[in-house]
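Worksheet: one structure, shown below.
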């Protein structure tokens with residue numbers, strides 16, 4: 001992903017293989033908070049992601065996603 005690319009909450013939830021309308025949105029927020037903490041602990045750097053309130057998340061640096 002290139003810097004500045006935004007991903008909607010729906011896209012993220014569906015990538016988990018979940019139904020967006022059934023998924024507890026607070027759960028996604030918790031998962032992102034935990035992911036940020038783990039990245040910070042592992043490499044002492046902040047995760048290059050900004051939260052777009054009620055929309056999704058925006059990567060502010062070029063990011064490689066492994067599946």
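What follows is calculated from the coordinates using simple rules that are stated; it is not laboratory data. Remember, predicted model here, so these are calculated numbers, not experimental data. Using ideal geometry, Cβ is built from the backbone for each residue, glycine included, and neighbour counts are taken over all protein chains shown.
Tell me, which residue of the range 1-17 that is assigned to a helix (DSSP H, G or I) and touching a helix residue (DSSP H, G or I) at 6+ places or on another chain (Cβ under 9 Å) is farthest from residue 52 (Cα to Cα)? Spell out how you get there, then give the answer.
Restricting attention to the range 1-17, the residues satisfying the condition of being assigned to a helix (DSSP H, G or I) are 9-15.
Checking which are touching a helix residue (DSSP H, G or I) at 6+ places or on another chain (Cβ under 9 Å) leaves us with 9, 12-13.
Values: 9: 9, 12: 13, 13: 15 Å.
Step by step, filter the range 1-17, then rank; the result is 13.
Take the range 18-41 and flag every residue that is outside any helix (DSSP H, G or I) and surrounded by 12 or more Cβ atoms within 10 Å (Cβ to Cβ).
Residues of the range 18-41 that are outside any helix (DSSP H, G or I), as a first pass: 18-24.
Correct list: 18, 20, 23.
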